[in-house]
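Student: I have a structure I would like to understand better, so I am pasting it below and will then ask my questions one at a time.
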Amino acid sequence: MSDANSALCNLLSRYGVLNREELQIYAFKAVEAQLPLIFFLFEQKRIQSRPLAELLSDNYGMPIEDIGKHNPEELPEQYRNEKLIHKHHVLPLFIKDNRLHIATADPTNLAALEEFQFNCGMRTEPVLVEIAALTKAIEKLIGGDSSGLDLGAIDEKELSGIEVADTEGRDDSAIMADKDDAPIVVYINKLLTDAIKKGASDLHFEPYEYSYRVRFRIDGLLHEISAPPVSMSGRIAARLKVMAKLDIAERRVPQDGRIKLRLSRTKAIDFRVSTLPTLWGEKIVMRILDSSSAQLGIDVLGYEPEQKALYMKALAQPQGMILVTGPTGSGKTVSLYTGLNILNTADRNIATAEDPVEINLPGINQVQVNPKAGLTFPSALRAFLRQDPDVVMVGEIRDLETAEIAIKAAQTGHLVLSTLHTNSAAETLTRLLNMGVPSYNVASSVSLIIAQRLARRLCSHCKAPEPIGPQQLKELGYTEEQIAAGFTIYKPVGCDACTGGYKGRVGIYEVMPITERLAKIIMEGGNSLDIAAQAGREGVKNLRQSALKKAADGVTSLVEVERVTAF
């Protein structure tokens, strides 16, 4: 750890912003991401701009400068060294008293001042600014840091200039549509950027006989966004397939591809693209692969304190299997990646087999499954076990062969994380048994099961109390003790800041550790009902109970509780 990082870590831990162990983990990740620690923490939303600036100001006796009062472009070009600005995330602001004043969000970064002094031949002086303002100023001057990119500021006339880059970073100048399709290019780029701004997870392009519609999935529900003329159907499909580097002449079979939409020199968003031939043309669905969601801390995912403690305890074990279960779109990937990020330290060897690899995680060896080439989940797992892994993640246990190898790994000193498609934690165990896994292997290898759903969060600006009587609450599933303690149920209203009264989503979890008693029931051939009943006696909240708790806390509504736990 550098001296600057060490000084910053001491300050942040001393004031309780983050603990020492967390800071050491983030320091390693910052090095891998080639970012100063303070900027990495800001990108991961672990620190806030203004409170951080005030903390540094108080400790170093430096006033907080308003960076907007200065225009770095007025400086002579020799003082605006782009390489050093990128490297240290600082910005030369002005010259005063024969000193070059440099805006920094981290006064402990003396190396930046020394390098500018050496390169410019002028003494330097630090100026403390807020990290958010500094990021935007760098982006404005040289397009330096991606986190300051304001999608809302993208002008529609500039959208046609957005590049589509492949994994090697080449632009799409060779595959751009012809001049007649320029409006299509602008239209699609506008839709993609709108989807990012609205926080959509998926985009659906759907052709019908007399109409065409575009829908975004926002907070788990689809909303119609646009209805272009049906005559544009073929051109829209062709443009999207060109961007995803698919065969535009093949319209008879499904195709899969990826798009990397480059919004600035350093800002890119990934989309996973799937085409499907339908009666009236090709339906195309695009999933936005948001890497920031994988960097969320466990505290913001919605786990109750006791559920978080159980997950952290399982992650701390040197071996065993953690299974995350739920339908498609229930947030399983984010839960797994959050766990992997906690485990991702310099002393661990972590390997994942995924189909597909949705988000790139620095420091983790990720393998894209390719059945056509013979690279399946079982073959990848066998290769992992020959490469001295500490932690193994399998995208999904789909068959007996994969399950047997994963269980063998969990029994021989490895921590294994994976997913299954079942409705509840108890059903996950019976699913493994039905696959043909012996009950003694299930009981001895599985250490924790997390079943989850995603419910829409009520908008904090407009939610309103909903009067409901005690009898109704009891019928919904609340206990007499909960009702006697008192709480307020809220309902959605709707305002300019949200979508139909909701903004964002929160996880609903059932976290079930495999205790000795549960293991005994499994060994005795108990079914999912027996397992669920015993888990309830041991204090495990099922999905319905967890959802009702979120409603009682004012996080979501009873309508959402019914929607996500109606099964």
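The values are calculated or read from the model by the stated rules, or taken from the named source; none is laboratory data. Since the model is a prediction, treat every value here as computed from it, not as a measurement. With ideal geometry, Cβ positions are generated from the backbone for all residues, glycine too; neighbour counts draw on all protein chains shown. Protein only, heavy atoms only, side chains kept; ligands, DNA and RNA dropped before computing areas. Shrake-Rupley method; radii C 1.70, N 1.55, O 1.52, S 1.80 Å.
Student: Go through (1) within 21 Å of L276 (Cα to Cα); (2) open to solvent by less than 50 Å² (accessible area, probe 1.4 Å) one by one and return the number of the condition H223 breaks.
Tutor: The one condition H223 does not meet is (2).
Student: Where the second residue is outside any loop (DSSP other than H, G, I, E, B) and open to solvent by 50 Å² or more (accessible area, probe 1.4 Å) and the first is more than 19 Å from W280 (Cα to Cα) and among the charged types (D, E, K, R) and lies in the stretch 252-263, which pairs have Cβ atoms under 6 Å and are six or more apart or on separate chains?
Tutor: R258/R272; R262/E163
Student: Out of S57, S49, which single residue is among the small types (G, A, S), under 19 Å from E139 (Cα atoms) and surrounded by fewer than 17 Cβ atoms within 10 Å (Cβ to Cβ)?
Tutor: On inspection, the qualifying residue turns out to be S49.
Student: On to the next question. Of the residues E168, E115, E130, E156, which single one is among the charged types (D, E, K, R), modelled with pLDDT under 75 and touching a helix residue (DSSP H, G or I) at 6+ places or on another chain (Cβ under 9 Å)?
Tutor: Numbers: E168 fails: touching a helix residue (DSSP H, G or I) at 6+ places or on another chain (Cβ under 9 Å); E115 fails: modelled with pLDDT under 75; E130 fails: modelled with pLDDT under 75.
Unique residue meeting the criteria: E156.
Student: Considering only the stretch 422-462, state which residues are out of contact with any helix residue (DSSP H, G or I) (no Cβ under 7 Å at 6 or more places or on another chain), in a loop (DSSP other than H, G, I, E, B), within 30 Å of K491 (Cα to Cα) and open to solvent by 10 Å² or more (accessible area, probe 1.4 Å).
Tutor: N423, S460, H461, C462
Student: Something else about it: Would you mind finding the one in L432, L458 that is closer than 17 Å to E396 by Cβ and in contact (Cβ under 8 Å) with a residue 12 or more places away in the chain?
Tutor: Details: L458 fails: closer than 17 Å to E396 by Cβ.
Being closer than 17 Å to E396 by Cβ and in contact (Cβ under 8 Å) with a residue 12 or more places away in the chain holds for just one of L432, L458, which is L432.
Student: V540: part of a loop (DSSP other than H, G, I, E, B), open to solvent by 70 Å² or more (accessible area, probe 1.4 Å) and modelled with pLDDT of 90 or more, yes or no? Write out each step before concluding.
Tutor: Details: part of a loop (DSSP other than H, G, I, E, B): yes; open to solvent by 70 Å² or more (accessible area, probe 1.4 Å): no; modelled with pLDDT of 90 or more: yes.
It is false that V540 is part of a loop (DSSP other than H, G, I, E, B), open to solvent by 70 Å² or more (accessible area, probe 1.4 Å) and modelled with pLDDT of 90 or more.
Student: Regarding P371, is this residue touching a residue at least 40 places away in the same chain (Cβ under 8 Å) and either open to solvent by 20 Å² or more (accessible area, probe 1.4 Å) or basic (K, R) (or both)? Explain how you work it out, then say what you get.
Tutor: On the way: touching a residue at least 40 places away in the same chain (Cβ under 8 Å): no; either open to solvent by 20 Å² or more (accessible area, probe 1.4 Å) or basic (K, R) (or both): yes.
Against the criterion (touching a residue at least 40 places away in the same chain (Cβ under 8 Å) and either open to solvent by 20 Å² or more (accessible area, probe 1.4 Å) or basic (K, R) (or both)), P371 does not qualify.
Student: Output the number of residues of the stretch 477-510 satisfying the condition of being exposed (fewer than 15 other Cβ atoms within 10 Å of the Cβ) and in a helix (DSSP H, G or I).
Tutor: Adding up the residues that qualify gives 4.
Student: Further question on the same structure: Give me the pairs: first residue in the stretch 274-288 and more than 18 Å from A195 (Cα to Cα), second residue assigned to a loop (DSSP other than H, G, I, E, B) and among the acidic types (D, E), beta-carbon distance under 7 Å, and six or more apart or on different chains, which are they?
Tutor: Pairs found: W280/E209.
Student: On the given criteria, is E21 out of contact with any strand residue (DSSP E or B) (no Cβ under 6 Å at 6 or more places or on another chain), under 27 Å from L141 (Cβ atoms) and open to solvent by 20 Å² or more (accessible area, probe 1.4 Å)? Before the answer, list the steps.
Tutor: Values: out of contact with any strand residue (DSSP E or B) (no Cβ under 6 Å at 6 or more places or on another chain): yes; under 27 Å from L141 (Cβ atoms): no; open to solvent by 20 Å² or more (accessible area, probe 1.4 Å): yes.
So E21 fails the test.
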